[in-house]
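Before any comments, here is the structure.
The values are calculated or read from the model by the stated rules, or taken from the named source; none is laboratory data. Computed from a prediction, not measured in an experiment: that's the story for all the values here. No Cβ is skipped: glycine too gets one built from the backbone with ideal geometry, and neighbour counts run over all protein chains shown. Just the protein is used for accessible areas: all its heavy atoms, side chains included, with ligands, DNA and RNA removed. Shrake-Rupley method; radii C 1.70, N 1.55, O 1.52, S 1.80 Å.
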Amino acid sequence: MSLQRLATSHPYLTYNALALPLSWVALSSTPSVPSVSLLLGVLILQTTTILNRDPRQIIFLILNLALGSTLANLSASTTALSSPASSLIISLVRGAVFSFFAFIPLAIRHTITRQASTTVSPWLKTAAFPTIWAVSWMLITSSNPVGRIGSWTPLTGDEGYRWLREYTGFAGIDFVVAGWAEVIAGLAGLWLQGSADEDVEEVHHTGHAHSDEEALIDHPHNGAGEYGAIQNGNQQHPVPPRPRSKSTLILAISLGLLSVPSYLISPLPLPVYSESTTPVSVACVLPPHRSPDSPKTPLELFIAETRAVAPRAKIVLWPESAVSFRTSTERKQAIELVRNTTQGNKVWIGMSFEEPANNGLEGDDKHGGGHRAKLLRNGMALISPNPKEPVVFEYFKRNLVPNFTQPFPSLPHHPDIILAPARTWHPAIGLAMASLASARGDELGASVLWCDGGSGAVNGVYGYGRGNRGLLIEEVGNGGKSWVATFGVPYNGGKDEERPKTAYASAGGSAAFTFLATILGVGWGAEKIFERLSGGLEDEE
């Protein structure tokens, strides 16, 4: 039996057999553009078949995808909580939830393709799914406390489209992924069309058609509906029609053109020394692991390590939860000690800490502060060498995982450096978080100082053209090793005007919607040109 006949005769078996390994590869903590596009292409065909024949199969599809996602993140998931069993259950539930979210755009795509009038442009039908896919993930992740962690948005393999980040955020990447999935589904449909044509001939010549289990695949690309039918006695059997080849071709060309700017933009970071840049030295403080019998407190260790790297850096960052305070009074005393270090070495220090959640509230130094006294919150204080303004700002983490998907239209100036302290529990999670930080740097046109004190974590300066590999990557163990890096940031020659913000930093989601609307409009115009050219050729004949 040929692969074509196997896919058309046993679609449920074939698609589920493909979906599990593909989701295992694609839905890791750092998904890639090719793997997610291939998985989505298969799911387009599978969803079409399921919704046309047996919607109950949706449950098996979601469970299959959840299992693949769990297997892809098995190592990181089992160490997330103290109980591996609880971690696995949560991982399965999370995978099922995100798989359900991913199914919604697929179902909407199916409805649009089947129910839309024949007067609707074939291009709009073809481009509907990439657009809906991008908008759906914008809405889902904007209200998700863990941001893009666990989502189907690629974090790797997007080199050809990374320039889109400063204009559209992740929405542009999501559109590209779903667009290539639509192209893949179209090509697969053309390949399966050969088997469909053979079965149609069989119905004509022998009067015999396959049973419902062996019915032909329901082709996902058609102008008026999803599939045609051929009469055999009292039964109708689905016959896939010709796909929307012109609109699929326009989509493929559009996606190819979107990658062109990546070849015109230098992938290298800015030079350290030039007329348009100025050097900045930063440091991540990772003191040696403190032994239980050490006479020094964690605060003393971090201050000592800070003094060791301060002569070589202007900005020093401590990893997340570097020190712990029981009261706001302790925090203020620690800030005073760190301030002495900043003034003595003329450096800015990002002191990361954790403290009871009720710190800063009235009566927070009293015993028995209730439920909030038992909760901890993570914060960071940026301490400057300026005696008139020793504490530039204090920031407290609001989400379990920092949400790098939110735009900052109200940001007063263009940022050059983003301070990102972290403490991840697994190398895969650390790499995923660093990749998200890199994306945030690309969106804002800024460099990201990523300082991760977790076990086996990655550290470095990311974003602003450096990609996910960063300027510097250090493999650090428990305790790690402090590091210093020097890189260039844009310099305006001493002029007063600020560097303009990126489109995404200025407009946020509006910039993404403008991009999507532009793609739809340009594709529609290209389709009309194709129609006129085709009509002219037919008239000449």
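Structural remarks
- Taking the average, over residues, of other Cβ atoms within 10 Å as the packing measure, peptides 282-289, 384-391 rank 282-289, 384-391 from highest down.
- Both radii were evaluated on the Cα set of region 299-343; the Rg over Rh quotient, with Rh as the Kirkwood radius, amounts to 0.96.
- Region 86-193: C-alpha gyration tensor shape, a/c 1.5 cut-off, then a/b vs b/c: prolate
- Taking amide H as placed 1.01 Å from N in the peptide plane, Trp483 has its amide H under 5 Å from the amide H of Cys284, Leu286, each at least 5 places away in sequence or on another chain.
- When His110, His10 are compared by accessible area at a 1.4 angstrom probe, the order from most to least is His10, His110.
- Prolate/oblate/rounded call for region 1-83, Cα gyration tensor, a/c under 1.5 rounded: prolate
- The separation of region 1-68 from region 112-161, counted between C-alpha centres, amounts to 18 Å.
- Karplus (6.51, -1.76, 1.60) ³J(HN,Hα), θ = phi - 60°, over region 66-81, in Hz, Gly and Pro reported as x: 5, 5, x, 5, 5, 5, 5, 10, 4, 5, 5, 5, 5, 9, 6, 10
- A cut-off under 9 angstrom between Cβ atoms defines the neighbours of Ser121, and their net charge, with Lys, Arg +1 and Asp, Glu -1, is +1.
- Region 1-124 - percent of accessible surface contributed by carbon and sulfur, probe 1.4 Å: 73 percent
- Region 273-331 - charge dipole about Cα centre, Lys and Arg +1 at Cβ, Asp and Glu -1, debye rounded to 20: 100 debye
- Net charge contributed by nearby residues that have their C-beta within less than 15 Å of Phe101 (K/R +1, D/E -1): +2
- Karplus 3J(HN,Hα) series, Hz, for region 276-286 with 6.51 cos²θ - 1.76 cosθ + 1.60 (x for Gly, Pro): 9, 9, 9, x, 10, 10, 10, 9, 10, 8, 10
- Among the listed pairs Lys397/Lys481; Lys314/Lys397; Lys346/Lys388; Lys296/Lys397, those beyond 19 Å (Cα-Cα): Lys397/Lys481; Lys314/Lys397; Lys296/Lys397
- Calculated from backbone phi, Karplus (6.51, -1.76, 1.60) coupling profile of region 55-65 in Hz, x at Gly/Pro: x, 5, 5, 4, 4, 5, 5, 5, 4, 4, 5
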